[in-house]
Amino acid sequence: MNLILFGPPGVGKGTQAMRLAATHDLLHISTGDMLRSAIAEGTPLGMTAKGFVESGGLVPDDIIIGLVREVLESTESKGFLLDGFPRTLEQARALDDLFRELAIHEVRIVMLTAPEQELIDRMVKRGLEQGRKDDTAETIRHRLEVYNAQTEPVKTFYEKSRGVKLVDGLGTVDDVTARIEKVL
Ligand code: ADP
C-alpha cells in the first residue's frame, strides 16, 4: 500500500502518519520533519530551507521535489506514506512523473479536514507545548493562506485523477485513526 496523507497545517497529518506507518509497515516520508532535521543539523539544505520554513512559506519546488525523488528512488519494495508532500500543483505533477518512472501505480489519497479555527487552536497549543518556530499566531495565519492558495488546488487535481478519500479530522486521535482505517 502507498499513501498520500493530505490536508491543511495543524489537521493532524504527522500524528496519524506515524500511527499508519507503524500499523501498515510503511516508510513515513515527512518533508516537514526532513526539513526540520536539516535545519537543526545546519546542513546546506537546512540553511536554504530555514527562512522559508520559519516564516511559514514554502521551500522552492525544485529543492523539495529533488529530496522526495531521492527517498522514493531508494525505497525498495516497502510501501510509503507521504506526509506534507505534494503541497503545490507543480509538486503533484512532478510526483506523477516520478510514479510513472518508478512504475508505482497503486497510490491512495486520504485528506484530513477540520474547520480553520480548530487548526489555529491546535497549532497555537503545539507552539506553546513544543516550541515549533512556525507555530506562532502570525506565521500560522500565513501558512493557512499559503495552504488555501497553493495546496488546496492539489485536492482538485487528485479528485480528477486518482480520487480522494475525505476523513473528518475532529475528535480524539484514536477516532481519527479509526476513520482512516475504515476508508482504507
Ligand atoms: P504543517 O503541515 O503543520 O504546516 P509540516 O511539518 O508538513 O507542517 O511543514 C512545515 C513547513 O515545512 C512548511 O510550512 C514549509 O515551509 C515546509 N515544507 C514542508 N513540506 C513542504 C513541501 N512539500 N514543499 C514546500 N515546503 C514544504
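General remarks:
- The set of residues in region 65-93 that are crowded, with 16+ Cβ neighbours inside 10 Å, of a type in the set (A, V, I, L, M, F, W, C) and over 25 Å from residue 25 (Cβ atoms) comprises 65, 92.
- Scanning region 168-183 for any residue that is crowded, with 18+ Cβ neighbours inside 10 Å and outside any helix (DSSP H, G or I) turns up at least one such residue.
- Of the residues screened, residue 89 is one that is within 14 Å of the ligand (Cβ to nearest atom) and within 16 Å of residue 150 (Cα to Cα).
- Filtered residue count, region 135-167, keeping only those that are away from the ligand (no atom under 16 Å from the Cβ), among the charged types (D, E, K, R) and either more than 21 Å from residue 86 (Cα to Cα) or surrounded by fewer than 12 Cβ atoms within 10 Å (Cβ to Cβ) (or both): 1
- Scanning region 31-41 for residues that are touching a strand residue (DSSP E or B) at 6+ places or on another chain (Cβ under 9 Å) and polar (S, T, N, Q) turns up at least one hit.
- Hits in region 31-45 - residues which are over 15 Å from residue 132 (Cα atoms), surrounded by fewer than 18 Cβ atoms within 10 Å (Cβ to Cβ) and not polar (S, T, N, Q): 41, 42, 44
- The residues listed here are 80, 85, 99; of these, the one that is aromatic (Phe, Trp, Tyr), in contact (Cβ under 8 Å) with a residue 24 or more places away in the chain and out of contact with any Ser or Thr (no Cβ under 7 Å at 6 or more places or on another chain) is 80.
- Contact map, region 13-41: residues that are at positive phi paired with residues that are more than 10 Å from the ligand (Cβ to nearest atom) and not basic (Lys, Arg), Cβ distance under 9 Å, separation 6+ or inter-chain. Pairs shown: 25/79.
Values quoted throughout were computed directly from the atomic coordinates according to the rules given, and no laboratory measurement underlies them. For clarity, every value in this text was computed on a predicted model and none was experimentally measured. All Cβ positions, even for glycine, are placed from backbone atoms using ideal geometry, and neighbour counts span all protein chains on display.
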